[in-house]
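**Student:** Okay, here's the structure, questions in a sec.
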Amino acid sequence: MSRIATAVALAVLATALVGCSAQSAQPSPSPSTKELFAKVMAETQKMAAADYRVDEAQLALLDAADARGEVTITDMMDAQRDNQQCLRDAGFTTGTVIADDTWYPPFPRIEYITGPATMDTNQQSAIIESCDAETVKYISRVYSFQPQAKESYWLAADEKASSIAQCLRDHDIPEDLIGESTEEIVMAAVRLYNQYGDFEIYPATDCMQGLALPTTNR
């Protein structure tokens, strides 16, 4: 768990919890899953259209997902296999495409990527970036930010909340710092790891129980 990622998670969750506690005289209705997906997709398709490197296969995946209302793990596996082939065509050695289930939802990725010995680091980075943009960058963006991904993460967090809370108790974190809701418990675990705020007096400990860092509020 990197310190930068931890700081981002803290900022996201802090904003979310403050927002949840604020009172509103006339709360706006929450957008539907369909509306939220359509917004993410429209933003991403606009970005993809402006990127000359994007290939037809990735555009076709975006169009199909747009019609379906969701980017599936199958879409992502297909895109990563295209990415893998792009890298191999450029002389890279790669591992297989796997679904990393330490993320919610599981995130398809290439197991390992090794550049040619004849190519310097800058050249390798440029090719990796180019292949990513060509094959997977934009379908991956929708997969990560679509509302279905958010729902998947927080359902997993609900399942782990009691064990995360118990880990916090086992490390002498008082109940008022742990909180009651899943969001509060997850935020407490992130703060403990980073020794942030009221948690700075406690030893840094990972109580996330294998749960990835949150990227959005519930």
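Where a number appears in this text, it was derived from the coordinates with a stated rule and is not lab data. Note that the structure is predicted; figures quoted are calculated from it, not measured. FYI the Cβ positions are ideal-geometry reconstructions off the backbone, even for glycines, and counts take in every protein chain you see.
**Student:** Got a sec? How would LYS160, LYS34 order by Cβ neighbour count within 10 Å, fewest to most?
**Tutor:** Arranged by neighbour count, lowest to highest, LYS160, LYS34 become LYS34, LYS160.
**Student:** Can you tell me what the convex hull of the Cα atoms of segment 49-118 projects to on average, as an area in nm²?
**Tutor:** 5.9
**Student:** Please give the net charge around VAL40, taking every other residue with its beta carbon less than 12 angstrom from that of VAL40, where Lys and Arg add +1 and Asp and Glu add -1.
**Tutor:** Every neighbour counted, the sum reads +1.
**Student:** For segment 130-218, report the translational diffusion coefficient in µm²/s to the nearest whole number, using Stokes-Einstein at 37 °C, 0.692 mPa s, and a Kirkwood Rh over Cα pairs.
**Tutor:** Stokes-Einstein gives a translational diffusion coefficient of 230 µm²/s.
**Student:** Neighbouring Cβ atoms within 10 Å as the yardstick, rank SER144, SER32 fewest first.
**Tutor:** SER32, SER144
**Student:** Please arrange LEU87, LEU192 by how many other C-beta atoms lie within 10 Å of their C-beta, fewest to most.
**Tutor:** By the 10 Å Cβ count, ascending, the order reads LEU87, LEU192.
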